[in-house]
1. log10 I(q)/I(0), Debye, Cα-only segment 106-146, no solvent, q = 0.31, 0.35 Å⁻¹?
2. For segment 1-93, what ratio Rg/Rh do Cα atoms give with a Kirkwood hydrodynamic radius?
3. Net charge near Gly184: determine it from the other residues with C-beta under 13 Å of the C-beta of Gly184, scoring Lys and Arg +1 and Asp and Glu -1.
4. Report in % the part of the accessible area of segment 1-150 that belongs to carbon and sulfur, leaving out ligands and nucleic acids; probe 1.4 Å.
5. Taking 1 over the mean of 1/r across every pair of different Cα atoms in the chain, what Kirkwood radius in Å do you get?
6. Show me, bin by bin at 10 Å from 0, the whole-percent P(r) of segment 109-218 based on Cα pairs.
7. How large is ³J(HN,Hα) for each residue in segment 126-133, as worked out from phi by the Karplus curve 6.51 cos²θ - 1.76 cosθ + 1.60 (θ = phi - 60°), to whole Hz, x for Gly and Pro?
8. So what's the gap between the Cα centers of segment 180-203 and segment 1-47, to the nearest angstrom?
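The values are calculated or read from the model by the stated rules, or taken from the named source; none is laboratory data. All values derive from a computational prediction rather than experimental measurement. As a convention, Cβ positions derive from the backbone with ideal geometry for all residues, glycine included, and neighbour counts pool all protein chains shown. With ligands, DNA and RNA removed, areas are computed over all heavy atoms of the protein, side chains included. Shrake-Rupley method; radii C 1.70, N 1.55, O 1.52, S 1.80 Å.
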Amino acid sequence: MRVEYRIEPCKSALTQVRGMPFRWSLNPYMGCVHQCTFCYVRHFEQRADRPSDDRYGRSIRVKTNIAEVLRRELARRSWQREEVALGTATDPYQPAEGRFRLTRACLGQLVAAGTGFSIVTRGPLVVRDVDLLAAASREVPVSVYLSLPTLDDRVWRTTEPGTAPPASRLRAIRVLADAGIHVGVGLAPILPGLSDGEEQLQAVVRAVREAGARTIWASAVHLRPGVREHFLAALARDWPEHVERYEALFGTRAYLPAEVAKAIVAPAHDARESARPTRRRPPRPEPSQLALAV
């Protein structure tokens, strides 16, 4: 897939959010080359009158000045050093980060300002920053969450075509855990009929526990406008036998009924409670000066 990278400086870095466990988000890029068929961001792209179909992810906005803008925002007297979440609207460790290094630059600014952060990513590139993350975790609260909903090769290749294989994400979890970083895993989204089998979910939980994940959470897919059209079209192409089931499950709703969603994620929750980490966790590294190099 040919990708256009648009160099567009930003006027602001931090975004205030509502209805989430955190109040602030940070996205060094906009757009994502992972092109997951279920990506919830497609909904917001449609609302903004931007492409939410197969064109989404072909153009990436690169906020080249975001670290400097962030530094100024964190220096304000009004800043309360609240947690900042990275990965809410695009993956901060998609391939663009290997070239532009904006996520790493922003992390350095957050730690210099005494501000904790959390990261959600499907990108094993996060291990490049293990030195910075390990040092940061000695100074401020740091959490890294890898999204890994399935180990099934076909489901992964078909629904997450631009992401790294599950095995690569498991290796990333091991590296982060061995460095003493708080690493968790999100089994999200779980897809009814495709990745919700009890044995499938148990296998994911066992693998991530063995890799060193400290926390595990799971959620079922939801199909808001923009996501729904793209996902169902992809489903009709790749698993036509499941289209009728999804139409019956969702009807005109964006979210599954609470009891249905609860039943879908239950095997993952049960496996999470019964499984225990088998790897010995190494001690955290000794305090050292935080390198802010980018």
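1. Each listed q corresponds, in turn, to -1.19, -1.33.
2. In segment 1-93, Rg relative to Rh is 0.99.
3. +4
4. Ligands and nucleic acids excluded, carbon and sulfur give 47 percent.
5. On the way: mean 1/r = 0.0504 Å⁻¹.
Across the chain, the inverse of the average 1/r is 19.9 Å.
6. Final binned percentages: 15, 47, 27, 10, 1.
7. 4, 5, 4, 9, 4, 5, 5, 5
8. Value for the Cα centre distance between the two parts: 23 Å.
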